[in-house]
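The structure appears right after this line, and notes come after that.
The values are calculated or read from the model by the stated rules, or taken from the named source; none is laboratory data. Computed from a prediction, not measured in an experiment: that's the story for all the values here. Here the Cβ positions follow ideal geometry from the backbone for every residue, glycine too, while neighbour counts run over all protein chains shown. Heads up: the accessible areas ignore ligands, DNA and RNA and are worked out on the full protein's heavy atoms, side chains in. Shrake-Rupley method; radii C 1.70, N 1.55, O 1.52, S 1.80 Å.
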Amino acid sequence: MIEIIEPGLQSSLQDVGRPGLAHLGIGRSGAADLPAWRLANALVGNDAGTCALEITLQGPRIRLHADLTLALTGAPLPMARRNGEAMPMWRPVRCTTGDIITLGAVSEGCRSYLSVEGGFDITPCLGSTSTDLNAGLGPLSGRALQPGDRLPTGRTRRSLKINRSWSLDPRPWFQSPSENAPLRLMPARHTRDLRASDRMRLAEEVFHVSSRSNRTGVRLESDHPLQLAHRCECISEGVVAGVMQLPANGQPIVLGCEHPVTGGYPRIAQLAAADLPRLAQCRPGQSLRFVWTELDDARRALAVQQRSLDDLCMRIAARLD
Amino acid sequence: MQADLEFLSEQALLVRLGESISMPVNARVHQLADRLRSASLPALEDLVPAYASLLVRFDAGALQSAGATIESMARAVASLIENDEASCASNLAPSRQHRIPVCYEADCAPDLQAVAAVTGLDIEEVVRRHHAPEYRVAMLGFAPGFAYLLGLDPVLAVPRRDDPRTCVPAGSVAIGGEQTGIYPTALPGGWQLIGRTPLRMFDPSDPRHPCRLLPGDRVRFFPVDKTRMVHMQDGQGT
């Protein structure tokens, strides 16, 4: 069991989410940065679908009530401490009963993941142990962690072989936003309805991530609101993560992992799925740029990403055996 | 069936069957959803009907393992749509029917007076017209289990409230524009509340049937008084 002393800004339990229920108005939710979440689990020998803690901007302070191996991935937590000593990320860390883990602030990016060997012993809600904060579904009645929460941990299956000397290279699984590589966009239904100058600006302008961004979507701000060349009457239709909507105020919203299942705003672009993890790492106030790409390139990028993630998880498993 | 097929992403297609909110177009959406569901397409993860469109979403990893691409799935979906045209609507699965009790009395219906005022009808006539037609679940959205119902008497179409409520009680039956619906859980909302049902519309602890209403279902309302509503147990009335 782990005990939450301080919850951090917004920490929630997440797994891969609830795919397949969108026709019931139930969104997928799940970890925002899926590769980082999956690697956190791999590093403690968990199955791919295990529940882990998603941390937002400011991490929690935790007391362990069992001997557990932990791992941290995702956005850097340079102040992470285990009983006052620096706690490394991207590798398994053996901890013991009574340890106090203090994660501190995320220095760049937005979300980190804390996995626990054996996962958390949580009854699934609608097939998933992920938290849907909007709908109030999942562990802890669908809310973020609070002080005093006690999370039962699952049974550990085998003893992990942990050699002191290694950790994963965070790249490409976490890229510093300061490197500012543009996120890739594909054209969507209303791209051609943008004013021609705005279509260009979408790929040239520097956007800023609004403080109103959350798991539902990343809200963008720019000095020049985007406009459609003519009014588009839209009726609600199914949407997916990565849809870039344009509300009437001209400031685009890119839908995230906890997006509503349908939407009625014009869709001016679609983020390449391989860049969804980077979207999840967008932090309020940071700048962001985009570049146009094609469906074929986006699909290739996604296939490469999935393959290297699968390979890496296999290599981690071999190392822990 | 006339259909416009759009690549939404690397793993999702959007099939658009019309540009308007209408019963016939929406019925075709549910018909196509049934057809695609029974076609056992590989890697299919979500089929999301809306008023005039159907979202078809695949699992990217499973597509890859099946040696398929979103383009090959688009071709498969397009040919199913064509075949559908040939076979017409002959073997439509019968849609499920529900009878939903609604208490239209004042303390369950805080906006009924306002709806009567806007429409120029008296309260009894608003209530009568609301439970007269058979509705169809066009789609679910907004929140888990929230069903948008088509078939509202156009006279009852009233604008949403200027000041949306921060918390609408679960079971509230409401009108928002040309639609009616039931708030499945306590939610913020701007629709006009004209009644309340005692039935539980959404139950996340039931993984097999979390939602009472499914896309394409038919719905009729019938009025009950407050006493009966209070005594009605969940599970009755369908």
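Brief remarks on what is shown
- Gain on full stretching of the segment that runs from residue A:212 to residue A:108 - 0.36 nm per residue minus C-alpha separation: 35.7 nm
- Solvent-accessible area buried by pairing A with B, both sides, nearest 100 square angstrom, 1.4 angstrom probe: 3000
- Mean-position separation - Cα centroids, segment A:285-305 and segment A:140-177, in angstrom: 27
- Hull shadow area, averaged, chain B [alpha-carbon convex hull, nm²]: 14.0
- List of segment A:283-297 residues, accessible area with partners at least 30 Å² below that of the chain alone (1.4 Å probe): A:295
- Packing around the peptides A:48-61, A:291-304, taken as the average count of other Cβ atoms within 10 Å per residue, puts them in this order, highest first: A:48-61, A:291-304.
- For segment B:4-87, accessible area per residue (1.4 Å probe, heavy atoms of protein chains only), Å²: 37
- Contact order normalised by residue count of segment B:128-238, Cα under 8 Å, 6+ apart, percent: 28
- Label point at residue B:19 placed 7 Å out along Cα→Cβ; residues across segment A:230-265 whose backbone nitrogen lies under 19 Å: A:230-238, A:264-265
- Percent carbon-and-sulfur accessible area, segment A:1-155, ignoring ligands, DNA and RNA, probe 1.4 Å: 49
- Relative contact order (%) - criterion: Cα under 8 Å, at least six apart; region: chain A: 20
- For residue A:83 and residue A:166, the difference between the fully extended length at 0.36 nm per residue and the C-alpha to C-alpha distance is 27.7 nm.
- Average beta-carbon neighbours from other chains, 10 Å sphere, peptide B:62-71: 2
- Take the Cα of residue B:68, step 7 Å toward its Cβ, do the same at residue A:100, and the gap between the two points is 5.4 nm.
- Packing, taken as the mean count of other beta carbons within 10 Å per residue, orders the peptides A:258-269, A:152-163 from highest to lowest as A:258-269, A:152-163.
- Each pair of Cα atoms in segment B:97-231 enters the Kirkwood radius, and Stokes-Einstein at 25 °C and 0.890 mPa s then converts it into a translational diffusion coefficient of 167 µm²/s.
- Extension gain, residue A:197 back to residue A:310 (0.36 nm per residue minus Cα-Cα distance, nm): 36.6 nm
- Taken residue by residue and averaged, Cβ atoms of other chains lying within 10 Å of the Cβ of B:42-52 number 5.
- Packing-based order for B:63-72, A:135-144, B:3-12, using average beta carbon neighbours within 10 Å, highest first: B:3-12, A:135-144, B:63-72
- Share of Cα-Cα pairs in segment A:180-301 lying beyond 21 Å, as whole percent: 30
- Legend: mean number of C-beta atoms from other chains within 10 angstrom of residue C-beta atoms, peptide A:237-248, equals 5.
- For chain A, the spread of Cα coordinates along the three principal axes comes to 63, 38, 31 Å, biggest extent given first.
- Fraction of accessible area attributable to carbon and sulfur, segment A:180-301 (%, probe 1.4 Å): 49
- What a 1.4 Å probe finds exposed on segment B:4-87 is 53% carbon and sulfur by accessible area, rounded to a whole percent.
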